[in-house]
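Just below is one structure, and these are the notes that go with it.
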Amino acid sequence: MFQSLSERLTQSLRTITGKARLTEDNIQGTLREVRMALLEADVALPVVKNFVEAVKQRALGQEVMSSLSPGQAFLKIVQAELEAVMGASSEGLNLSAKPPAVVLLAGLQGAGKTTSAAKLARHLREREKKKVTVVSADVYRPAAIKQLETLAGEVGADFFPSTPDQKPVDIANAALEHARIQFSDVLIVDTAGRLAVDEAMMAEIAELEKAVTPIETLFVVDAMTGQDAANTAKAFGDALPLTGVILTKVDADSRGGAALSVRQITCKPIKFLGVGEKTEALDPFHPDRLASRILGMGDVLSLIEEAEQKVDKAKAERLARKVKKGKKFDLEDLRDQLQQMNNMGGMASMLDKLPGMGGMAQMAQAQIENKSFARMEAMINSMTPRERRNPEIIQGSRKRRITQGSGTQVQDLNRLLKQHKQMAKMMKKMKGGGMEKMMRGLGGMMPPGGGGLPPMR
């Protein structure tokens, strides 16, 4: 996420963080680099100007001059101003209305409104324990109605059917009545998108908004459109009483221009980030955590929250007890670990949230694709229970049978067995020895010269 911006900013700031004394000259040089990094990330020019000026004023002020480590104090100022640009604090949905609270989604075609409706429904069901009804008022794209129905089934939300021959306002009113009868806490209305902002579209959405009086009107926008996203959001904001923004496809955006521009230009908070295609890939927006990640400081809080939600605690405890007693770490345990890691978004997603590991996250992405995880799991599934518990018996004809059953090569299986052996050794060292032994063991997983994770083809 925002790799190129993160690399440029951390590189620009590295020269100044070690300085014992800050002057207008060395600050000016660093700020020039920061300005270029932000402009290349497609951040809107007024936002860049305000940001650089705010950092400069604070950097030349008393808080830095009196600091024992001025370089570190400067870095803290940059972080604080990044947070201020994106919004001082996290703002969740306001659902304090007589049920059902209506959430209206608006945006251009292809921004990801329909998938965002399903993701939001899942988020509200699982994290807020709300009963959710979803409806599509996109009468121009029958496939959108079918898509929302399929996704609603996947996330366990109540779906209200609609047809292309109905009027959007009639659909929304009927859905609202249905949601009341079903005792739903929230009604999410997915609206029609267009390829560009036009008057007819704005008039239709404005009429729809007046009919259902939503408590939240969220603008859904593709982060990869850069500062255009902020400008489009402003156009929608002029026509609709927007309450917030959902930025989609953030995981694929290396620049970050939209995230840093939307709040300042629209004066509306970013409430959620779409960070993948799956229905669980919707994160509440935390400006402080994102600023920390952009500056290469990681986001441990989000990693912990993700682990609490997605890790199978029973399996984790079972493995911990097994390791503590010094029992053998077998291939079934490895399969469990691969599944847990996949649930957390894979190795790259986890490394990306750890301080100073952003570069390694990209390396991991190149070396350990999700396909590799799936291939490893397929090989383990092709084994008999006895083979999974005793990998040392996997020789000759057994190897041929396993690779044929999983559609892999013998060298893939050899690589898996080698990695399992390394992990088993590491787990053995942990018996009663705590984390220190495990961290020493991790060194054995790295190739000579520290070149990242073992290659996976």
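The values are calculated or read from the model by the stated rules, or taken from the named source; none is laboratory data. None of these values were measured; they are calculated from a predicted model. Counting neighbours? That spans all protein chains shown, and the Cβs are built from the backbone with ideal geometry, glycine included. Areas reflect the complete protein model, heavy atoms only, side chains present, ligands, DNA and RNA absent. Shrake-Rupley method; radii C 1.70, N 1.55, O 1.52, S 1.80 Å.
Couple of notes before you dig in:
- Within segment 377-391, residues that are closer than 13 Å to R401 by Cβ sit with their Cβ atoms under 7 Å from residues that are open to solvent by 50 Å² or more (accessible area, probe 1.4 Å) and in a helix (DSSP H, G or I), at 6+ positions apart or across chains, in these pairs: S382/G405; E387/R398.
- Identity of the residue in segment 378-423, within 18 Å of Q339 (Cβ to Cβ) and hydrophobic (A, V, I, L, M, F, W, C), that ends up farthest from the chain's Cα centre (by Cα): M383
- Some residue of segment 185-208 being open to solvent by 40 Å² or more (accessible area, probe 1.4 Å) and either in contact with a Lys or Arg (Cβ under 7 Å, 6 or more places away or on another chain) or farther than 27 Å from K234 by Cβ (or both): yes
- Restricting segment 81-103 to residues that are among the aliphatic types (A, V, I, L, M) and within 22 Å of the chain's Cα centre (by Cα), the residue that is most open to solvent (accessible area, probe 1.4 Å): A88
- Beta carbons closer than 8 Å, at least 6 apart along the sequence or on distinct chains, pair a first residue in segment 27-38 that is over 16 Å from N50 (Cβ atoms) with a second that is of a type in the set (F, W, Y) for I27/F74; T30/F74.
- Every residue from segment 157-195 that is assigned to a helix (DSSP H, G or I), touching a helix residue (DSSP H, G or I) at 6+ places or on another chain (Cβ under 6 Å) and over 14 Å from A101 (Cα atoms): P168, V169
- Of the helices (runs of 4 or more DSSP H) that lie entirely inside segment 394-457, those containing 1 or more residues that are at pLDDT 60 or above and open to solvent by less than 40 Å² (accessible area, probe 1.4 Å) span 396-406, 410-429.
- Residue match in segment 155-171 (condition: within 22 Å of the chain's Cα centre (by Cα) and closer than 16 Å to G274 by Cβ): yes
- Residue satisfying all of: in segment 34-55; buried (at least 16 other Cβ atoms within 10 Å of the Cβ) and charged (D, E, K, R); nearest to Q264 (Cα to Cα) among these: D42
- The residue pairs whose first member lies in segment 202-230 and is outside any strand (DSSP E or B), whose second member is of a type in the set (F, W, Y) and modelled with pLDDT under 85, and whose beta carbons are closer than 9 Å, counting only pairs six or more residues apart or on different chains, are M202/F236; I205/F236.
- Any hit, segment 258-276, residues being part of a loop (DSSP other than H, G, I, E, B), surrounded by fewer than 21 Cβ atoms within 10 Å (Cβ to Cβ) and at pLDDT below 75: no
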